[in-house]
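Engineer: One structure follows; several queries about it will come next.
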Amino acid sequence: MTTKSKPSREVANVVTNLLKIAVKGLGGAGRPGQVEMAEAVAHAFESGEHLAVQAGTGTGKSLAYLVPSIARALQTEQPVVVSTATIALQRQLVDRDLPRLVNSLADALPRKPTFALLKGRGNYLCLNKIHNGAAEEPADRPQDELFSPMALSAMGRDVKRLTEWSSDTETGDRDELTPGVPDRSWSQVSVSARECIGVSRCQFGTDCFAERAREKAGAADVVVTNHALLAIDALSDFSVLPEYELLVVDEAHELADRVTGVATAELSATSMAVAHRRTARLVDDELAQRFEAAIATLSSLLHELDAGRIDVLGEELGTYLTALRDAANAARTAIDTTPSDPQAASARTEAVTALSDVSDTATRILTSFVPPIPDRVDVVWVAREESANATRVILRVAPMSVSGLLRTRLFANTTAVLTSATLTLGGNFDAMARNWGLGGFADDGAPAKPGWRGLDVGSPFDHAKSAILYVAKHLPPPGRDGTDTRTLDEIEGLITAAGGRTLGLFSSMRAAKAAAEVMRDRLSTPVLCQGEDTTSALVQQFSDDPETSLFGTLSLWQGVDVPGPSLSLVLIDRIPFPRPDDPLLTARQRAISAHGGNGFMAIAANHAALLLAQGTGRLLRHTDDRGVIAVLDSRLATARYGGYLRSSLPPFWSTTDPDRVRQSLNRLRGAS
């Protein structure tokens, strides 16, 4: 990390004045840390130095990065890209924050700033596919629906409605369709970026909804997008975003995982069957049968393999993957070299794309086992996904690390501001910076350029006075055989003292459901459990009734925003270490240990620290909020790594005394 530096006084003054005007125009008040963050963002844009900013909930970080982004975009006439992880934040920025901010700054800027939301091509109607594309069964469709007249007619009605809507909509944006349609219906009228035949070859190119959105984004000062599209733009050979040099990554704690998702490829019976269906009508029978046979033999073998990482490529799997790759390549070559009617271009492009995906994935898996392998780049594993209808077996391949990809394909070409409420793990930014590929050394041994710095602008909350961190030190460490009876007794006592008002964050859905079932028998207050309705509906019920408790798993750790008296107690059943059978994280941990590092701390402990910070962040959402965070895993107090995990959390007042905590919850209940 580079040494801390300050923005030029002129830049700082401009941004500070604009921020004051914006805050006044929005009818609010300045917040602690907001000016410091805004000036730091402006300096990063001016100096080219990457910036990591931790800004606690309530800091007003959106305004703190949007004001300098707008100022810089108008000064240079170059766009600033803002990437977020969630649809909710994208919509907040485009529908609320940016329109209000633009209006508040109207008299202080040389012209009115513009902004646009850009999504992946698959979010827009494809006119060519509507008029020239052939409908097919989607890959994820359950087998029992293939013969269901009701399901077929429902999809047919959806497609007819979407076709009619294509003549009425100005944007073709799926989010503007009310009511919406299932994914399988939407897939009949949309294409991915790789499946698109290209605006110059498409007879509907001048009216293309996706191209219109891209043109609008290309002319905008601020372009709002998502981490997945950002990763596709950085990692692929084609551009999906306008040219840019300045980048803001909000919810930056999720960036590495989203990039990993984009860089992960897979082979399954259903995805390969789609490739075959798209191909069979475009090649001769011999090629189609060859490809079908290769799919059948590999699919059969996959069902015989155990779930988990593949460390050694067996002869049988290697042979079947090679046959699949060669058959896909032969079919792709045949389609590429056969002339066809221009109206069939869409079907040809979709077939070639599907074949390329199969071939490229098989090649990537085969290549990852070619010796010598001192530092394996990819991890290969078999996954089994259970559903009500069947077991889906998938062969996956993912990068061992995305830090190198991020460094060379994203941060080497941009100046980035990365921000979130939770970026410091173990009390510093180093772990997150390593995940992003910032810092380190170049090939000549010199510090890598450009440099970066970390800045924690604090929080408007007085954590020590607003919340108690309670670690149930007296409880036994959690085991694998479900929740211990003493832990259930502890949960009952805490919720009773709180009078409901509890968000229970559990390490698995099985644990959440089991605890909810027991508590419904023991408590007089309502208990909801994730999965019983949509998450948004459950959170609304929880927020509306202060006596209600809500139990759930991972999405609740990061997605719940319930200020006020409805939430006084956050329960965490155990330290959220990654599952020991997670092939990718386990492989990353082993790789670090093999090079002399501490794989457990670098992977497992950092994973747990980040989720703990996210989970505890559910409690204080407003400066008036008060409450208790109860961690029912004694290892947070007794294990050697406990101090590291606690140092990743805000400075709550902490205790291991259960009686004192229940007394505090009783007082809070009486005061509300």
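The values are calculated or read from the model by the stated rules, or taken from the named source; none is laboratory data. No experiment lies behind these values; they were computed from the predicted model shown. We place every Cβ from the backbone using ideal geometry, glycine too, and count neighbours over all the protein chains shown. What goes into the accessible areas is simple: the full protein's heavy atoms, side chains included, and nothing from ligands, DNA or RNA. Shrake-Rupley method; radii C 1.70, N 1.55, O 1.52, S 1.80 Å.
Engineer: Could you tell me whether the range 327-344 includes any residue that is within 30 Å of Leu585 (Cβ to Cβ), part of a helix (DSSP H, G or I), at pLDDT 95 or above and in contact with a Leu (Cβ under 6 Å, 6 or more places away or on another chain)? If you could, list the steps in order and put the result at the bottom.
Structural biologist: First, pick out the residues of the range 327-344 that are within 30 Å of Leu585 (Cβ to Cβ): none.
No, there is no match, as no residue in the range 327-344 is within 30 Å of Leu585 (Cβ to Cβ), part of a helix (DSSP H, G or I), at pLDDT 95 or above and in contact with a Leu (Cβ under 6 Å, 6 or more places away or on another chain).
Engineer: Ok, one more. Just checking, does the range 29-36 include any residue being open to solvent by less than 50 Å² (accessible area, probe 1.4 Å) and out of contact with any Ser or Thr (no Cβ under 8 Å at 6 or more places or on another chain)?
Structural biologist: Scanning the range 29-36, I find no residue that is open to solvent by less than 50 Å² (accessible area, probe 1.4 Å) and out of contact with any Ser or Thr (no Cβ under 8 Å at 6 or more places or on another chain), so the answer is no.
Engineer: Please work out which one of (1) within 30 Å of Leu620 (Cα to Cα); (2) open to solvent by less than 60 Å² (accessible area, probe 1.4 Å) is the condition Ile21 fails and give its number.
Structural biologist: Tallying (1) within 30 Å of Leu620 (Cα to Cα); (2) open to solvent by less than 60 Å² (accessible area, probe 1.4 Å), Ile21 fails exactly one: (2).
Engineer: With the structure loaded, tell me whether Leu66 is more than 30 Å from the chain's Cα centre (by Cα), surrounded by 21 or more Cβ atoms within 10 Å (Cβ to Cβ) and in a helix (DSSP H, G or I) or whether it fails that test.
Structural biologist: Working: more than 30 Å from the chain's Cα centre (by Cα): no; surrounded by 21 or more Cβ atoms within 10 Å (Cβ to Cβ): yes; in a helix (DSSP H, G or I): yes.
So Leu66 fails the test.
Engineer: If Ile197 satisfies every condition in (1) surrounded by fewer than 16 Cβ atoms within 10 Å (Cβ to Cβ); (2) assigned to a loop (DSSP other than H, G, I, E, B); (3) of a type in the set (Val, Ile, Thr) but one, which is the exception?
Structural biologist: Condition (1) is where Ile197 drops out.
Engineer: Quick one: which strands (runs of 3 or more DSSP E) lie wholly within the range 507-578 and hold at least 3 residues that are open to solvent by less than 10 Å² (accessible area, probe 1.4 Å)? Give the derivation first.
Structural biologist: On the way: elements: 527-529, 549-552, 569-572.
Filter on the range 507-578 gives 549-552, 569-572.
Engineer: Report, by residue number, each residue of the range 643-654 that is buried (at least 16 other Cβ atoms within 10 Å of the Cβ) and under 27 Å from the mean Cα position of the chain (by Cα). Walk me through how you get there before you give the answer.
Structural biologist: Here is the first cut: in the range 643-654, the residues buried (at least 16 other Cβ atoms within 10 Å of the Cβ) are 644-646, 648-650, 652, 654.
Selection gives Tyr644, Leu645, Arg646, Ser648, Leu649, Pro650.
Engineer: Now for a different question. Would you point out which residue out of Ala613, Ala637 is open to solvent by 30 Å² or more (accessible area, probe 1.4 Å) and either touching a strand residue (DSSP E or B) at 6+ places or on another chain (Cβ under 9 Å) or more than 24 Å from Glu254 (Cα to Cα) (or both)? Walk me through it before giving the result.
Structural biologist: Numbers: Ala613 fails: open to solvent by 30 Å² or more (accessible area, probe 1.4 Å).
Just one listed residue meets the conditions, Ala637.
Engineer: Let me ask something else. Which pairs turn up if I take residues in the range 640-666 that are assigned by the TED database to the domain that holds Asn598 and look for partners that are open to solvent by 70 Å² or more (accessible area, probe 1.4 Å) and among the small types (Gly, Ala, Ser) with beta carbon separation below 9 Å, at least 6 apart in sequence or on another chain?
Structural biologist: Arg646/Ser654
Engineer: Separate question: Give the residues of the range 616-634 that are in contact with a strand residue (DSSP E or B) (Cβ under 8 Å, 6 or more places away or on another chain) and either hydroxyl-bearing (Ser, Thr, Tyr) or outside any loop (DSSP other than H, G, I, E, B) (or both), sorted by residue number.
Structural biologist: Thr616, Gly627, Val628, Ile629, Ala630, Val631, Ser634
Engineer: Any idea which of (1) surrounded by 18 or more Cβ atoms within 10 Å (Cβ to Cβ); (2) not in a strand (DSSP E or B) is the one Val81 doesn't satisfy?
Structural biologist: Condition not satisfied by Val81: (2).
Engineer: Here is a further query. Considering only residues that are over 21 Å from Glu77 (Cα atoms) and surrounded by fewer than 17 Cβ atoms within 10 Å (Cβ to Cβ), which ones fall in the range 205-234?
Structural biologist: Gly205, Thr206, Asp207, Ala228
Engineer: State whether one or more residues within the range 339-346 are among the hydroxyl-bearing types (Ser, Thr, Tyr) and open to solvent by 20 Å² or more (accessible area, probe 1.4 Å). It would help to see each step written out before you state the result.
Structural biologist: Kept after step one, since they are among the hydroxyl-bearing types (Ser, Thr, Tyr), are these residues of the range 339-346: 340, 346.
Narrowing further to those that are open to solvent by 20 Å² or more (accessible area, probe 1.4 Å): 340.
The answer is yes, given that some residue of the range 339-346 is among the hydroxyl-bearing types (Ser, Thr, Tyr) and open to solvent by 20 Å² or more (accessible area, probe 1.4 Å).
Engineer: Would you confirm whether any residue within the range 175-186 is open to solvent by less than 50 Å² (accessible area, probe 1.4 Å) and either assigned to a loop (DSSP other than H, G, I, E, B) or not assigned by the TED database to the domain that holds Ile130 (or both)? Working first, answer last.
Structural biologist: The initial filter retains those residues of the range 175-186 that are open to solvent by less than 50 Å² (accessible area, probe 1.4 Å), namely 177, 181, 185-186.
Remaining after also requiring either assigned to a loop (DSSP other than H, G, I, E, B) or not assigned by the TED database to the domain that holds Ile130 (or both): 177, 181.
For the range 175-186, residues open to solvent by less than 50 Å² (accessible area, probe 1.4 Å) and either assigned to a loop (DSSP other than H, G, I, E, B) or not assigned by the TED database to the domain that holds Ile130 (or both): present.
Engineer: Those residues that are among the charged types (D, E, K, R) and either within 20 Å of Leu585 (Cα to Cα) or in a loop (DSSP other than H, G, I, E, B) (or both), I need them from the range 306-321; list them, please.
Structural biologist: Of all residues in the range 306-321, those among the charged types (D, E, K, R) come to 306, 309, 311, 315-316.
Passing the criteria: Asp306, Arg309, Asp311.
Engineer: What is the one condition in (1) open to solvent by 70 Å² or more (accessible area, probe 1.4 Å); (2) more than 30 Å from Ala602 (Cα to Cα); (3) touching a Leu at 6+ places or on another chain (Cβ under 9 Å) that Leu668 does not satisfy?
Structural biologist: (1)
Engineer: Can you find a residue that is within 30 Å of Gly439 (Cα to Cα), crowded, with 23+ Cβ neighbours inside 10 Å and not assigned by the TED database to the domain that holds Gly198 anywhere in the range 88-107?
Structural biologist: Within the range 88-107 (the criterion being within 30 Å of Gly439 (Cα to Cα), crowded, with 23+ Cβ neighbours inside 10 Å and not assigned by the TED database to the domain that holds Gly198), the answer is no, since none of the residues qualifies.
Engineer: Just give me the residues in the range 243-293 being touching a residue at least 60 places away in the same chain (Cβ under 8 Å), among the hydrophobic types (A, V, I, L, M, F, W, C) and not in a helix (DSSP H, G or I), in sequence order.
Structural biologist: Once the filter is applied, which keeps residues that are touching a residue at least 60 places away in the same chain (Cβ under 8 Å), among the hydrophobic types (A, V, I, L, M, F, W, C) and not in a helix (DSSP H, G or I), the range 243-293 yields Leu246, Leu247, Val248, Val249, Ala263, Ala265, Leu267, Leu282.
Engineer: Which numbered condition trips up Val240, out of (1) assigned to a helix (DSSP H, G or I); (2) open to solvent by 10 Å² or more (accessible area, probe 1.4 Å); (3) β-branched (Val, Ile, Thr); (4) under 22 Å from Val417 (Cβ atoms)?
Structural biologist: The failed condition is (1).
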